[in-house]
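Take a look at the structure below.
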Amino acid sequence: MCGRGIITTLAILSFFFSPAYAYDLNPLQDICVAINDSKASVLVNGKVCKDPKLANADDFFASGLNVSGNAVPQFGFAVNIVDVNNMPGLNTLGISIVRADLEPQGLVPLHTHPRASELITILEGTVYAGFLAPDAPNVFKSRLFSKIMNPGDVFVIPQGLIHFQYNVGHKNATLLASFNSQNPGVVMIPSSIFASDPPILDDVLAKDFQLDKKVIKELRKKFS
């Protein structure tokens, strides 16, 4: 019995101290206000923390979300972002928020957030939002999950999945997008493919999209 007990104890300890579990997803201190220090010798998954004694209320505050942000005229939308870069107190807290304003027929193009799920809340207007999930039986197909949303409606987009928002109404639309990351990242699918640097070979894109190379060149011009 003694030998069996020792084996059981070792098995439990190996589980908890295995390298696969050698991390902590939660903050290990109350606050870790980001500081931009190019001379810092410590590299962290996020931003370097300032001395907590030097933190102040402004580190945990941001204003201006009541107005639209940077416009992308090509697609008819604008974004106003609150993340760790303009609210340093968000560092290590795993949250951020974006305001998006869409003109009628304005589109936030197909994109992904590699590090976060997204929760959309419609404030004004009518928005068609959706995401694509892989179809397990057939990797060459996907399932579309979409809703036409009105003020007060909420829609969640799982982490890393391709998604979009499109204003189907006749007036401007506004939404708030909340993320479970201080830096969710964004990959714009069309421009990532057709405006990469250096460019992907025409042969690859023509084969991938089953298009003539002339069409590929035209698409490059649109997204360059």
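The values are calculated or read from the model by the stated rules, or taken from the named source; none is laboratory data. Values in this document were obtained by computation on a predicted structure and should not be read as measured data. Positions of Cβ are backbone-derived with ideal geometry, glycine not excepted, and every protein chain shown enters the neighbour counts. Note: accessible area is taken over every heavy atom of the protein model, side chains too, but ligands, DNA and RNA are not part of it. Shrake-Rupley method; radii C 1.70, N 1.55, O 1.52, S 1.80 Å.
The one condition from (1) surrounded by 15 or more Cβ atoms within 10 Å (Cβ to Cβ); (2) in contact with a helix residue (DSSP H, G or I) (Cβ under 7 Å, 6 or more places away or on another chain); (3) without any contact (Cβ under 8 Å) to a residue 60 or more places away in the chain; (4) not hydrophobic (A, V, I, L, M, F, W, C) that T126 does not meet is (2). Filtered by the rule that a residue be open to solvent by less than 40 Å² (accessible area, probe 1.4 Å) and among the hydroxyl-bearing types (S, T, Y), the range 177-224 gives S181, S196. For the range 77-105, a residue qualifies if it is farther than 23 Å from N150 by Cα and part of a loop (DSSP other than H, G, I, E, B), and the qualifying residues are D83, V84, N85, N86, M87, N91, T92, L93, G94, I95. Taking the listed residues G76, G106, the one that is open to solvent by less than 30 Å² (accessible area, probe 1.4 Å), on the phi > 0 side of the Ramachandran plot, of a type outside the set (V, I, T) and in contact (Cβ under 8 Å) with a residue 60 or more places away in the chain is G76, with no other qualifying.
If you go through the range 80-129 and pick out every residue that is more than 16 Å from the chain's Cα centre (by Cα), at pLDDT 95 or above and within 18 Å of S68 (Cβ to Cβ), you end up with 13. Checked against (1) within 21 Å of the chain's Cα centre (by Cα); (2) modelled with pLDDT of 90 or more, K47 passes all but a single condition, namely (2). Between A57, A71, A40, A20, the distinction of being at pLDDT 90 or above, surrounded by fewer than 17 Cβ atoms within 10 Å (Cβ to Cβ), over 30 Å from V168 (Cβ atoms) and not polar (S, T, N, Q) belongs to A57 only. Every condition in (1) more than 30 Å from P52 (Cβ to Cβ); (2) surrounded by fewer than 16 Cβ atoms within 10 Å (Cβ to Cβ) is met by L119 except one, and the failing one is (1). Looking only at residues in the range 158-182 that are under 10 Å from the mean Cα position of the chain (by Cα) and hydroxyl-bearing (S, T, Y), the one that is farthest from N91 (Cα to Cα) is S178. Identification of strands (runs of 3 or more DSSP E) wholly contained in the range 110-173 with 1 or more residues that are more than 30 Å from Q210 (Cα to Cα) and not polar (S, T, N, Q) yields 118-124, 127-134, 142-149, 154-157.
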